[in-house]
1. When you scan the range A:123-144, do you find a residue that is open to solvent by 20 Å² or more (accessible area, probe 1.4 Å), assigned to a loop (DSSP other than H, G, I, E, B) and either out of contact with any Lys or Arg (no Cβ under 7 Å at 6 or more places or on another chain) or among the hydroxyl-bearing types (S, T, Y) (or both), even just one?
2. Going by the conditions given, is A:R165 in contact (Cβ under 8 Å) with a residue 60 or more places away in the chain and within 13 Å of chain B (Cβ to nearest Cβ)?
3. Select from the range B:68-104 the residues that are of a type in the set (D, E) and open to solvent by 30 Å² or more (accessible area, probe 1.4 Å) and write down the one among them that is nearest to the chain's Cα centre (by Cα).
4. Please find, within the range B:48-74, the residue that is nearest to B:A142 (Cα to Cα) out of those that are modelled with pLDDT of 95 or more and part of a loop (DSSP other than H, G, I, E, B).
5. Residues being open to solvent by 30 Å² or more (accessible area, probe 1.4 Å) and of a type in the set (A, V, I, L, M): count how many of those fall in the range A:151-176.
6. Give the residues of the range B:131-161 that are within 24 Å of B:I12 (Cα to Cα) and more than 7 Å from chain A (Cβ to nearest Cβ), sorted by residue number.
7. I'd like the full set of residues that are over 26 Å from A:I69 (Cβ atoms), among the small types (G, A, S) and either touching a helix residue (DSSP H, G or I) at 6+ places or on another chain (Cβ under 8 Å) or more than 12 Å from every other protein chain (Cβ to nearest Cβ) (or both), limited to the range A:85-113.
8. Condition (residue is open to solvent by less than 90 Å² (accessible area, probe 1.4 Å), assigned to a loop (DSSP other than H, G, I, E, B) and in contact with a strand residue (DSSP E or B) (Cβ under 7 Å, 6 or more places away or on another chain)) applied to the range A:18-33: is it met by at least one residue?
Protein chains: 2
Amino acid sequence: MSEFLRRHIEQIVPLTDEEYEAVSAYYSPKKLRRRQFLIQEGQLVGHMYLVTKGLLKSSITNTDGKEHIVQFAPENWWISDFAAFYKREKATLAIDCLEDTELLGISYEGLAEMCRKFPKMEHFSRVKANFGYIGIQQRLLAMMNKSAKERYVSFISQYPDMQQRIPKQLIARYLGVSRETLSRFSI
Amino acid sequence: MSEFLRRHIEQIVPLTDEEYEAVSAYYSPKKLRRRQFLIQEGQLVGHMYLVTKGLLKSSITNTDGKEHIVQFAPENWWISDFAAFYKREKATLAIDCLEDTELLGISYEGLAEMCRKFPKMEHFSRVKANFGYIGIQQRLLAMMNKSAKERYVSFISQYPDMQQRIPKQLIARYLGVSRETLSRFSI
């Protein structure tokens, strides 16, 4: 699985070669093509995933068929329906690929065992969980409190260089504005 | 600090008497009266807090002076501006007491040291971070996707027995509905 995973983990904790070999065995590669679903609503969610290549989005669709985008996940982001993953419940989110995508998945049981055996990885997972919380708190506060223009500025800072990769229509949907309103921000 | 902290931690990890003694030394008690602020917007956030008695709310106020309530925190909940706490930044949230309140606070440095010295507490902190993420994901999805009536049902399930303790006006603000709309749900 190349050195991608090691570089990713070592941004937070250094690993010896032996540790890395043991830790990397918990992750399994997965490939999906553009438009395929990683997780569909109603499925049990057994894994969480590190994006090594490509781009996905997670979203929720209400009873009227309107899609709300929760997050985008490019390289080095983790993605899953984390609520369903941690609570061992069925997904309320759908996650699909905006590009051909490569991931490294770890199972619920694998994560628990890895964290038990490797305190460094428990630490890594705690830090990542905290960053995940920060991300979703920012998303919630932006929705509560920010104008559409301010949400666009937050989007640019949270997803730098993503404007070319994410279709304008989906950026507009993420921000909760019309395509026309978005085009006024982008100029 | 009584056995409150021990019972709280042991819901997730058992501790020996020696471990509990060492761990509890990282927490400091704090008392606030109703209407006092635990954290005000713009302050550096050095601690996170476990509520042992009382009730608080965290909120964000926009430039027009409109308050949006992020969460309520009764006994056994953790509260802080977690984004500010973990990023060592200034608070964007305000947190104030709806009742006379008692808390146990742990500092950023204390948390880091405790987790380093006690792998059990790193595990506890990871599990708590995951539950925190679940809570805020539910709040975000409810805001995106649920009707006011459905948000009220979620509120009741997330905060059982809180309807008597939280003023109706604040429940309405949390749900983003008028006081009149709320009274129709409650009947």
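The values are calculated or read from the model by the stated rules, or taken from the named source; none is laboratory data. Only a predicted model underlies this, so the values are computations on that prediction, with no experimental measurement involved. Using ideal geometry, Cβ is built from the backbone for each residue, glycine included, and neighbour counts are taken over all protein chains shown. Heads up: the accessible areas ignore ligands, DNA and RNA and are worked out on the full protein's heavy atoms, side chains in. Shrake-Rupley method; radii C 1.70, N 1.55, O 1.52, S 1.80 Å.
1. No: the range A:123-144 contains no residue that is open to solvent by 20 Å² or more (accessible area, probe 1.4 Å), assigned to a loop (DSSP other than H, G, I, E, B) and either out of contact with any Lys or Arg (no Cβ under 7 Å at 6 or more places or on another chain) or among the hydroxyl-bearing types (S, T, Y) (or both).
2. Values: in contact (Cβ under 8 Å) with a residue 60 or more places away in the chain: yes; within 13 Å of chain B (Cβ to nearest Cβ): no.
Taking the combined requirement at face value, the residue does not satisfy it.
3. Step one: of the range B:68-104, the residues of a type in the set (D, E) are B:75, B:81, B:89, B:96, B:99-100, B:102.
Filter once more, so that each one left must be open to solvent by 30 Å² or more (accessible area, probe 1.4 Å): B:75, B:89, B:99-100, B:102.
On the way: B:E75: 9, B:E89: 18, B:E99: 14, B:D100: 15, B:E102: 13 Å.
That would be B:E75.
4. Selected residue: B:P74.
5. Of the residues in the range A:151-176, the ones open to solvent by 30 Å² or more (accessible area, probe 1.4 Å) are A:151, A:153-154, A:156-158, A:160-161, A:163-165, A:167-169, A:173, A:176.
Next cut, of a type in the set (A, V, I, L, M) only: A:153, A:156.
Within the range A:151-176, residues that are open to solvent by 30 Å² or more (accessible area, probe 1.4 Å) and of a type in the set (A, V, I, L, M) number 2.
6. First pass over the range B:131-161, keeping only residues within 24 Å of B:I12 (Cα to Cα): B:131-139, B:157-161.
B:F131, B:G135, B:S157, B:Q158, B:Y159, B:P160, B:D161 - these are the residues of the range B:131-161 that are within 24 Å of B:I12 (Cα to Cα) and more than 7 Å from chain A (Cβ to nearest Cβ).
7. Across the range A:85-113, the qualifying residues are A:S107, A:G110.
8. Residues of the range A:18-33 that are open to solvent by less than 90 Å² (accessible area, probe 1.4 Å), as a first pass: A:19-20, A:22-28, A:30, A:32.
Next cut, assigned to a loop (DSSP other than H, G, I, E, B) only: A:25-27.
After this cut, where a residue has to be in contact with a strand residue (DSSP E or B) (Cβ under 7 Å, 6 or more places away or on another chain) as well, the list is A:26-27.
Yes; the residues of the range A:18-33 include at least one that is open to solvent by less than 90 Å² (accessible area, probe 1.4 Å), assigned to a loop (DSSP other than H, G, I, E, B) and in contact with a strand residue (DSSP E or B) (Cβ under 7 Å, 6 or more places away or on another chain).
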